[in-house]
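Participant: Take this structure first; my questions come after.
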Amino acid sequence: MSRVESLRLLQVTDCHLGANPGELLLGLNPDESLADVLALLALTESSADCLVATGDISSQGELESYHRFLHSLQGNLSMPMGWLAGNHDVAVDMKAIRQPSLFIDYMDLGPWQIILLDSSVPGEIYGNISEDELQRLEGLLNVSDKHTLVFVHHQPVPVGSAWMDQYIIRNATRLLDLLAQHQHVKGLIWGHVHQDFTATREHIKLYGTPSTCIQFKANSDGFALDTSMPGYRWFDLHADGRFDTGVKRVSEKDYSIDFSSEGY
Ligand SMILES: [Fe+2]
């Protein structure tokens, strides 16, 4: 670990890469915007301790998109990383890609542990945590009282946009009740909503994170894009269990996004 006093953790999410480089998403080239986020990370975060990618890495689940993501990321950054699947991904394919510093369900960071949860349901847009995943989570929380962050793809609470909140984790109450029983769980963080979101439940901080490509408008009942820039979330994890977090975005860039589109 590069820091004695605190650990730096990065989150990127919802890259939506196509099968081939440059396949557009609502006018935006997601390979280009991911490259812009990675360039920002390489410039300012190269000494971070680890990175987590919270799903929808791919637009349609093609293997090529996963290999291109890893190649792009590892060409810019050298820290260990974890990844988990979103509704656009194929979870079994992601879990089958094995690399020494690529983690699919758990990361040990010394005084902290990172638990990666799979909320994807094959063939569905909504999220759900399987019984196996809930049991794995409970086992990990019972075995270790390390300070804990849990990462997942779908939102466990409504973010205020009806079109997106219909895809919330369907058994989120069970997940949240389980986490609330453990004081060492400090945060639950997700992707999927393509926006910066913050809330608190019991002693647990909740965060949604901007996408590396298009952004969704907050508090919009129907589909709507936002003009905010692609970005990522950072965490500083302190040894006493406190943490700081924030979002950084690409700046001074003009993407040709189709803001009139009514869905994706
Ligand atoms: Fe998603």
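Participant: Is the shape of region 46-181 rounded, prolate or oblate, going by the alpha carbon gyration tensor and its root eigenvalues a ≥ b ≥ c, with a/c under 1.5 for rounded and a/b larger than b/c for prolate?
Facilitator: oblate
Participant: Apply the Debye scattering formula to region 8-249, with a single equal point scatterer on each alpha-carbon and no solvent, then give log10 I(q)/I(0) at q = 0.11, 0.16 Å⁻¹.
Facilitator: Summing over Cα pairs of region 8-249 leads to -0.50, -1.16.
Participant: Please give every one of the lysines within straight-line cross-link reach of residue 217, meaning a C-alpha to C-alpha distance under 20 Å, and leave out same-chain neighbours fewer than 8 residues apart.
Facilitator: Cross-link targets: 248, 253.
Participant: Whose amide H sits under 5 Å from the amide H of residue 226, counting only residues 5 or more places off or on another chain, with H placed in the peptide plane?
Facilitator: Under 5 Å from the amide H of residue 226: 215, 216, 217.
Participant: Order 114-125, 9-20 from most to least packed using the mean count of other Cβ atoms within 10 Å.
Facilitator: 9-20, 114-125
Participant: Rank-order 135-145, 160-170 by packing density, defined as the average count of other C-beta atoms within 10 Å over each peptide's residues, highest first.
Facilitator: Going from most to least packed, we get 160-170, 135-145.
Participant: How many angstrom lie between the Cα centre of region 115-162 and the Cα centre of region 1-60?
Facilitator: 21
Participant: In addition: Reachable lysines from residue 146, Cα under 21 Å, same-chain residues fewer than 8 places away excluded?
Facilitator: Here the lysines satisfying the reach criterion relative to residue 146 are 186, 205.
Participant: Follow-up. Report Rg/Rh for region 35-113, rounded to two decimals, where Rg is the Cα radius of gyration and Rh the Kirkwood radius.
Facilitator: With Rg and the Kirkwood Rh in hand, the quotient comes to 0.96.
Participant: Enumerate the amide H contacts of residue 193 below 5 Å, restricted to partners 5 or more residues apart or on another chain; note that Pro and chain-start residues carry no placed amide H.
Facilitator: Correct list: 209.
Participant: Is the C-alpha gyration tensor of region 195-264 telling us rounded, prolate or oblate? Criteria: a/c under 1.5 is rounded; beyond that, a/b larger than b/c is prolate, otherwise oblate.
Facilitator: oblate
Participant: Also: I need the semi-axes of the equivalent ellipsoid of region 95-169: take the C-alpha gyration tensor, multiply each eigenvalue by 5, square-root it, list largest first in whole angstrom.
Facilitator: Rounded to whole Å, the semi-axes are 25, 16, 12.
Participant: Please list, ordered by chain and number, the residues whose modelled amide H lies under 5 Å from the amide H of residue 28; skip anything fewer than 5 residues away on the same chain.
Facilitator: 258
Participant: Calculate one ³J(HN,Hα) per residue across region 72-80 by plugging θ = phi - 60° into the Karplus curve 6.51 cos²θ - 1.76 cosθ + 1.60, and present them in order as whole Hz with x for glycine and proline.
Facilitator: 5, 5, 6, x, 10, 9, 10, 6, x
Participant: Then there's this: Order 184-193, 44-53 from most to least packed using the mean count of other Cβ atoms within 10 Å.
Facilitator: Per-residue Cβ counts within 10 Å, averaged per peptide and sorted highest first, yield 184-193, 44-53.
Participant: Continuing with this model, one more query. Stokes-Einstein at 25 °C, 0.890 mPa s, Kirkwood radius from Cα pairs: D for region 116-155 in µm² s⁻¹?
Facilitator: Estimated via Stokes-Einstein, D reaches 220 µm²/s.
Participant: Explain nothing, just the number: dipole magnitude of region 8-249 about its Cα centre with +1 on each Lys and Arg Cβ and -1 on each Asp and Glu Cβ, in debye rounded to the nearest 20.
Facilitator: 440
The numbers here are math on the coordinates, done by the rules we state, and not lab data. This is a predicted model, so every value here is computed, not measured. All Cβ positions, even for glycine, are placed from backbone atoms using ideal geometry, and neighbour counts span all protein chains on display.
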